[in-house]
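Only the coordinates and a few stated rules stand behind these numbers; no lab work does. Because the structure is predicted, anything quoted here is derived from the model rather than measured. When we count neighbours, we look across all protein chains shown, and the Cβ atoms used for this are built from the backbone with ideal geometry, even at glycine.
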Amino acid sequence: MKFPLISGLLYLAISAAPVQAQEAPAEQDLFLTKKDILQHCLQPKYPPAAMRNRFHGTAHVAMTINEKGEVEAVDFRRSSGWWLLDQATAKALIGCKLLDQPPAKKIIAATRYSWNLEEKLRYDNDPVIRPETCPESDKVRLAGETEGGLGIVVGTLVSREGQVKQASLEWASGDADTDIAAINFVKACQFNPAMIQEKAYNAPASVRLLEKKAAPAKAQ
């Protein structure tokens, strides 16, 4: 999903609803590291609500850089898993002058921005979904780690027993029935719970899903 700069305000900063995911990202012209980003942009503050809930993850982003060397839009290729962190990532990037020597034309630069919790807030092991416990669905499926696409992202609070206590839609498909199916699918799955020194804890976990493609209609 691409976020443009609108009248000095970031679209996602004023949007309360989950954002619709878009597939087919643009090809990139160059890759920039997080170090490259922080040399030119202000380091974003960890969103307080995200830190309280111990959200963390890595966002994969494609940035449109204009002829002034400034980021004018960002396109999420992979969510960090949490809307709050993706929002903070986009806020930090848009408007930032990333290139000292502006390009002759607009280009696409890719980056990965990681949000890492302080050591004292980390679990020894985060919750891990157990795919074999998930139900069959005619609308969605779990995304493979190497599969591309932003997909549908569902955030959860996993209990120390490995059950989903709460679920929220972090990135939507744009189809209400599919989004409901995604939430119900994840809520029915079991997880290995978060652990600290062999003790289980309630903890957040995000799950990326992909829509199942409808089978083509048979010719009459």
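Quick one: is A88 in contact with a Cys (Cβ under 8 Å, 6 or more places away or on another chain) and within 18 Å of P48 (Cβ to Cβ)? No, not satisfied. Considering (1) in a loop (DSSP other than H, G, I, E, B); (2) surrounded by fewer than 17 Cβ atoms within 10 Å (Cβ to Cβ); (3) over 21 Å from the mean Cα position of the chain (by Cα), the lone condition that L99 does not fulfil carries the number (2).
Restricting the range 77-96 to residues that are of a type outside the set (A, V, I, L, M, F, W, C) and out of contact with any helix residue (DSSP H, G or I) (no Cβ under 7 Å at 6 or more places or on another chain), the residue that is surrounded by the fewest Cβ atoms within 10 Å (Cβ to Cβ) is G95.
For the range 130-156, the candidate set comprises residues that are free of Cβ contacts under 8 Å to residues at least 60 places away in the same chain and of a type outside the set (D, E, K, R); within that set, the residue that is surrounded by the most Cβ atoms within 10 Å (Cβ to Cβ) is V154.
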